1. Mind checking the alpha-carbon convex hull of region 71-204 and giving the volume per residue in Å³?
2. Where the eigenvalues come from the Cα gyration tensor of region 19-111, what are the semi-axes √(5λ) of the equivalent ellipsoid, largest first, in whole Å?
3. Starting from 0.36 nm per residue, how many nanometres of slack lie between Ala134 and Asn186 once their C-alpha separation is accounted for?
4. Amide H of Ser153 versus every other amide H placed in the peptide plane: which residues, excluding those fewer than 5 positions away on the same chain, fall under 5 Å?
5. If you place +1 on the Cβ of every Lys and Arg and -1 on the Cβ of every Asp and Glu, how big does the dipole about the Cα centre of region 25-207 come out, in debye to the nearest 20?
6. Kindly write out, for region 102-107 in residue order, the coupling ³J(HN,Hα) from the Karplus curve 6.51 cos²θ - 1.76 cosθ + 1.60 (θ = phi - 60°), rounded to whole Hz, with x marking Gly and Pro.
7. Considering Cα pairs under 8 angstrom that are at least six residues apart, work out the relative contact order of region 25-207 and quote it in whole percent.
8. Per residue of region 181-189, what does 6.51 cos²θ - 1.76 cosθ + 1.60 with θ = phi - 60° give for ³J(HN,Hα)? Whole Hz please, x for Gly and Pro, Karplus curve as stated.
Amino acid sequence: MPRTPLAIVSALFVAAGASTALGDNWTMTLTADNFFNAYFGTPTQTTSYVGGGGWPIASTFNPTNVPSTDTLYVQCHSDYGTAQGFLGTFTNTTTNVMVNTDLTNWQVFPAGAHLAALGYPFPSWPAFQTPTQAQVDAAINYATTNGLWITPSTFAPYNNTNGSPSWGPVAGISPSAQWIWHNANNSPNPLNGGFNHDEFLIFRYQGIVPAPAGLGVFGAAGLLAGRRRRR
């Protein structure tokens, strides 16, 4: 029977390595009232920093070569003033998949409700204080380890078309994107009122799934090598 040359098997491995080494490219426009920082990472920690900003500016970032298995994290906190919320549109330009802030694709961890377990001596997170990346990592690891990611909250019809009196439409973000937050006190409207909703908050999007192509190539190469050994 004809044999598969070793050179072809080696080429398959090289091609597979090249395809998996290249990640996905993104375009994302987001804002938060008042502050945010965006990261990519594993289920338990961040591995790359995207950027930060806050209201009233919408920031656009274009991260490249992001591993297709990465989770997107957005850490948010407010000044406990008149309003608070997170709004954005995130497009994976490699897979042509777009996701907006909503209650379906996103989860939130209210780190401010677990400050004692995270080792902080104060009962509530200080207004205006931005967590460090190490503090964000500790919160992500704690939330994932203990199964504490939950569905965020919103107030209909507060999206990027019908914002609250504090927010008008934000350019670059889909009109259907929803303002989302966490509701710590069963408020009828967690986006208004100036309340500390167990901040700081970490939102995550896990809709990024591994591409099977590279695994398929490795599997095929292994099968060919196995057949050569049996013959």
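What follows is calculated from the coordinates using simple rules that are stated; it is not laboratory data. This is a predicted model, so every value here is computed, not measured. Virtual Cβ from ideal backbone geometry, glycine too; neighbours counted across all protein chains shown.
1. 118 Å³
2. Those come to 24, 14, 12 Å.
3. 15.7 nm
4. Counting only residues 5 or more places away or on other chains, the set is Trp181, His182, Asn183.
5. For region 25-207, the charge dipole is close to 120 debye.
6. 6, 9, 9, 8, 10, 10
7. 30 percent
8. Each residue of region 181-189 in turn: 6, 10, 9, 8, 10, 6, 5, x, 9 Hz.
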